[in-house]
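Student: First the structure, then my questions, so here it is.
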Amino acid sequence: MKKHLLKLAILALIFTVSCQSDKKENQEASTIETVSSEKKPDMHTSQNSLDWKGTYVGTLPCADCEGIKTTIRLNEDMSYEAVTEYLGKNDGVFDTRGYYKWEDNGQNILLSDDNETKFKVGENKLIQLDKSGNVITGELADMYVLKKQNMNDKSAITFKDTKWKLVKLMGQDITDSKAFITFSTKDNRVFGNASCNNFNGSFEIENELQIKLSKMATTMMACPDMTIEKQFMAILEKVDNVSLNGNSMTLNKAKMAPLAIFEAVE
């Protein structure tokens, strides 16, 4: 009888210890789950939740000019192209290329330019930040915003099928010239006038930037002054990339200053 009671006591003790152990494990698991839930970061950032690739346009404030017309294109390979035009200034157009990186917060990007320019990436917009990485406030705050271009907007000026009038060649203003160029979507044909003779050929474009002209041919008229024509045709042999800035288009060689600047003709 005593042995039987002893066995029952031992079984009761084992059952009690087991229940307490299970309860403790459940409490610890619940605590870990709660702490994990509290510390779980918000994974929704501009970098992973927005369609940030594309072209952004706006006019930034300028201390000694009418404004800085700015176009920035962000590419998926983390490269960028920026065209800035200091309105009202001669030789005020600059074309830069480089790379950008995301800051740890996944909200801001840093350009590899000399000024280490920072932008906050928002829904269809870039907001330029100050040197400390803060959003600029005050009356001019809205002017530090670049808006993303809608590539499906049929009313927007496009690179192809637009007549581009030559307005600057090798840094010199061009006036009273009929020189122009057009890149046609039909058969990727390029044609235009070099100020005296008509020309035509073919073009290939990749990544919306890189361009290659080939099979160029011209008519053989002689004009009193062939200076513009000779320079124009010479740069068509050198150009390897293009850029758009609203109603302006530039033909460029690598990261050099624009070889030629054009304006869209209605």
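One line per residue, one yes/no per condition, for (1) over 30 Å from HIS44 (Cα atoms); (2) among the acidic types (Asp, Glu):
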{"position": "ASN105", "(1), (2)": "no, no"}
{"position": "ASP114", "(1), (2)": "yes, yes"}
{"position": "LYS120", "(1), (2)": "no, no"}
{"position": "LEU169", "(1), (2)": "yes, no"}
{"position": "ASN188", "(1), (2)": "yes, no"}
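Student: Regarding region 155-173, can at least one residue be identified that is surrounded by fewer than 16 Cβ atoms within 10 Å (Cβ to Cβ), more than 27 Å from ASP225 (Cα to Cα) and modelled with pLDDT of 90 or more?
Tutor: no
Student: Which pairs do you get when a residue that is farther than 24 Å from LEU244 by Cβ, found in region 209-220, comes within reach of a residue that is aromatic (Phe, Trp, Tyr), reach meaning Cβ atoms under 6 angstrom, with the pair 6+ apart or on two chains?
Tutor: So the pair list comes out as THR218/PHE199.
Student: Next question. Of everything in region 76-100 that's over 19 Å from GLU116 (Cβ atoms) and touching a strand residue (DSSP E or B) at 6+ places or on another chain (Cβ under 8 Å), which residue is surrounded by the fewest Cβ atoms within 10 Å (Cβ to Cβ)?
Tutor: Applying the filter and picking the extreme gives ASN90.
Student: Same structure, new question: Please find, among LYS168, LYS120, the residue that is assigned by TED's automatic domain parsing to the domain that holds ASN245 and of a type in the set (Lys, Arg).
Tutor: Working: LYS120 fails: assigned by TED's automatic domain parsing to the domain that holds ASN245.
Testing whether each residue is assigned by TED's automatic domain parsing to the domain that holds ASN245 and of a type in the set (Lys, Arg) leaves just LYS168.
Student: Moving on to the next point. Under the condition of being part of a strand (DSSP E or B) and out of contact with any Asp or Glu (no Cβ under 8 Å at 6 or more places or on another chain), which residue from region 206-240 is modelled with the lowest pLDDT?
Tutor: Checked region 206-240; the qualifying residue modelled with the lowest pLDDT is GLU206.
Student: If the requirement is being out of contact with any Pro (no Cβ under 7 Å at 6 or more places or on another chain) and crowded, with 16+ Cβ neighbours inside 10 Å, which of these qualifies: ALA222, ALA194, ALA234?
Tutor: Values: ALA222 fails: crowded, with 16+ Cβ neighbours inside 10 Å; ALA234 fails: crowded, with 16+ Cβ neighbours inside 10 Å.
When all the criteria are applied, what remains is ALA194.
Student: Please tell me if LEU251 is closer than 18 Å to THR182 by Cα, assigned to a strand (DSSP E or B), in contact with a helix residue (DSSP H, G or I) (Cβ under 8 Å, 6 or more places away or on another chain) and in the same structural domain as GLU206 (by TED's automatic domain parsing).
Tutor: Details: closer than 18 Å to THR182 by Cα: yes; assigned to a strand (DSSP E or B): yes; in contact with a helix residue (DSSP H, G or I) (Cβ under 8 Å, 6 or more places away or on another chain): yes; in the same structural domain as GLU206 (by TED's automatic domain parsing): yes.
Considered against the rule, which asks whether it is closer than 18 Å to THR182 by Cα, assigned to a strand (DSSP E or B), in contact with a helix residue (DSSP H, G or I) (Cβ under 8 Å, 6 or more places away or on another chain) and in the same structural domain as GLU206 (by TED's automatic domain parsing), LEU251 comes out as yes.
Student: Does ALA260 fit the bill of being in contact (Cβ under 8 Å) with a residue 24 or more places away in the chain, within 29 Å of VAL57 (Cβ to Cβ) and touching a helix residue (DSSP H, G or I) at 6+ places or on another chain (Cβ under 6 Å)?
Tutor: Values: in contact (Cβ under 8 Å) with a residue 24 or more places away in the chain: yes; within 29 Å of VAL57 (Cβ to Cβ): yes; touching a helix residue (DSSP H, G or I) at 6+ places or on another chain (Cβ under 6 Å): yes.
Yes: the conditions hold for ALA260.
Student: For ASN245, state whether it is under 25 Å from the mean Cα position of the chain (by Cα) and surrounded by 11 or more Cβ atoms within 10 Å (Cβ to Cβ).
Tutor: Numbers: under 25 Å from the mean Cα position of the chain (by Cα): yes; surrounded by 11 or more Cβ atoms within 10 Å (Cβ to Cβ): yes.
So ASN245 fits the description; yes.
Student: While we're here: Select the strands (runs of 3 or more DSSP E) contained entirely in region 53-158, then report the ones holding at least 2 residues which are closer than 20 Å to ASN241 by Cβ, hydrophobic (A, V, I, L, M, F, W, C) and touching a residue at least 24 places away in the same chain (Cβ under 8 Å).
Tutor: Values: elements: 54-60, 68-74, 79-86, 93-102, 108-111, 118-122, 125-128, 145-148.
Qualifying strands (runs of 3 or more DSSP E): 68-74, 79-86, 93-102.
The values are calculated or read from the model by the stated rules, or taken from the named source; none is laboratory data. These numbers were taken from a predicted model, which means no experiment stands behind them. FYI the Cβ positions are ideal-geometry reconstructions off the backbone, even for glycines, and counts take in every protein chain you see.
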